[in-house]
1. From the list Leu249, Leu212, which one is surrounded by fewer than 24 Cβ atoms within 10 Å (Cβ to Cβ), out of contact with any strand residue (DSSP E or B) (no Cβ under 7 Å at 6 or more places or on another chain) and within 27 Å of Val71 (Cβ to Cβ)?
2. Show the residue pairs that are 6+ apart or on different chains and have beta-carbon atoms under 9 Å apart, the first residue being within the range 406-434 and closer than 15 Å to His315 by Cα and buried (at least 21 other Cβ atoms within 10 Å of the Cβ), the second being among the charged types (D, E, K, R) and modelled with pLDDT under 90.
3. With the condition kept exactly as written, say whether any residue in the range 176-194 is part of a helix (DSSP H, G or I), of a type in the set (Val, Ile, Thr), farther than 26 Å from Val288 by Cα and in contact with a helix residue (DSSP H, G or I) (Cβ under 6 Å, 6 or more places away or on another chain).
4. So the check is Cβ under 6 Å with 6+ separation or different chains; which pairs have a first residue in the range 189-206 that's touching a residue at least 12 places away in the same chain (Cβ under 8 Å) and under 15 Å from Val167 (Cα atoms) and a second one that's hydrophobic (A, V, I, L, M, F, W, C) and part of a helix (DSSP H, G or I)?
5. For the range 15-46, what are the residues that are among the hydrophobic types (A, V, I, L, M, F, W, C), within 19 Å of Thr110 (Cα to Cα) and surrounded by 14 or more Cβ atoms within 10 Å (Cβ to Cβ)?
6. If we scan the range 74-97, do we find a residue that is in a loop (DSSP other than H, G, I, E, B) and either modelled with pLDDT of 95 or more or of a type in the set (Phe, Trp, Tyr) (or both)?
7. If you take the residues in the range 121-147 that are assigned to a loop (DSSP other than H, G, I, E, B) and either surrounded by 21 or more Cβ atoms within 10 Å (Cβ to Cβ) or β-branched (Val, Ile, Thr) (or both), which one is modelled with the highest pLDDT?
8. With respect to Ser441, is the statement that it is in contact with a Lys or Arg (Cβ under 9 Å, 6 or more places away or on another chain), touching a residue at least 12 places away in the same chain (Cβ under 8 Å), surrounded by 15 or more Cβ atoms within 10 Å (Cβ to Cβ) and among the small types (Gly, Ala, Ser) true?
Amino acid sequence: MDNLSSLSYFVPELFLSAAILLIIILDLLLKKEQKIWTGILSAAALLISVFLIFKQYQLPVHDIFNGMLVVDSMAVLVKLIAAVSSIIIILFSLPYVEEKTEYYVLILITTLGMFLMASVNDILMIILSMELVGLMSYVLTGFTKRNVKSDEASLKYILYAAASTAVMAFGFSYIYGMTGETNLIKIQQALMTNPPNQAAFFIAVVLVLAGLGYKIAMVPFHFWLPDVYEGAPTPITAFLSVGPKAAGLAVMIRFLITVTAHPTSGMATAFAQNLQVHLPMLIAVLAVITMTFGNTVALRQTNIKRLMAYSSIAHAGYMIMAMVVFNAEGFTAILFYLIIYMFMNFGAFWVIITMTKRLNSDEISAFRGLGYRSPYAAVALAIFLFSLTGLPPLAGFIGKFYLFAAVIKAEWYVLAILGVLNSVVSLYYYANIVRTMFLESAPVQEAVPFNLYDKVLLTVLLVPVLLFGVYWSPVLRLTEISFNVFH
């Protein structure tokens, strides 16, 4: 589709771009005490973009901008996750970042980059969209300029990102050299028509996975994550754990089921490997290493933000695990889990944000006696943590059930057993936080304030975690549509 005709399918991105420019101009006109409105307007702009994205749902698949991007149901769902996660992060930030218009603009630009990542259909667009998200994320990580940890985290983030992007670009150059194409679908067709050397293709795919693995914190490309999570402002830590990860997983899925595989039917219920390079086994090994490393290192953490960082690595491993099956059931399970993960992870982070500010510490030991000093916050955090573990009847159990079910149905029994064992390990360090809150006495006994705004936002995040544990079919239907028709 030519550029002019493509604009009608690019409305959410165009609207968000216009909103970014408008908020920058508005910042010049508002007085200092009025600049909280830029945060509110940013959330409103994202809310409108959610409506515009919903209007694209179940549209026929369209290539836009001469095949650089594609609009399909998977792209729409990932854009929804990105937009909703950004709205939640702005709501997290409003009580703490009132006058920094640049902060909200950076979040909006990052969201625009995630929209593009969800729709990529060309290796050049993969690099450009990932760099757009990455550059904004580096600045957001170092936003608290006088915080040494924040500055260090931002620098490490940039250095690791530069290295991984270079490796990924090198892998893409190999693929371009083999096929003479940059469009993912045309690359697929070229590989099937004229198969290249399998060893060279395997090396190229591994190099690309290094860049994509960095974005989703897959071991061994995770080194940036713990320091960035600890040093970044806590709302940004929460943001990085969901939004960019969802977009990274979308790019990874699209790459795997176009460049390395092709649909075996028009409905894309299963995918056959383009070349026999044993990719499913490689992904299975990476999934096991990722979830095992994340969980075992989390056991030793005393800082709650670093613990959540390693927990995030483990959850990336669970989602990667479902990729090995190369069918719609596995990929649907990943998208379903992402929605569940968004609510339970953001809920845990909201309690962490509010409590660490008031306790003046990120250490788990500072949460001693919180069950008596702020009962609602402590009980909610316990629910979120147990949901992250995957205990019934919470939403996390249903999310993991579909991940494991897809793996077991494809007869990857050992992988499923290792996933369940890792979930058992995660229970130990999550339960340790709950034990600290309810079974240890605090040195100071006065109540920790938890205002109405905190409670309302916490309840909004808590309800889906409880509700989706017993009634999840609407969310499942939403994700199943994403692979009913695939490009």
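The values are calculated or read from the model by the stated rules, or taken from the named source; none is laboratory data. Only a predicted model underlies this, so the values are computations on that prediction, with no experimental measurement involved. All Cβ positions, glycine included, derive from the backbone under ideal geometry; neighbour counts span all protein chains shown.
1. Just one listed residue meets the conditions, Leu212.
2. As it stands, the answer is Tyr429/Arg300, since those pairs meet every condition given.
3. Yes: one or more hits.
4. Ala204/Ile175
5. Residues satisfying the conditions are Phe15, Leu16, Ala19, Ile20, Ile23, Ile24, Leu41, Ala43, Ala44, Ala45, Leu46.
6. Yes, the conditions are met somewhere in the range 74-97.
7. Among those residues, the one meeting the criterion is Asn121.
8. no
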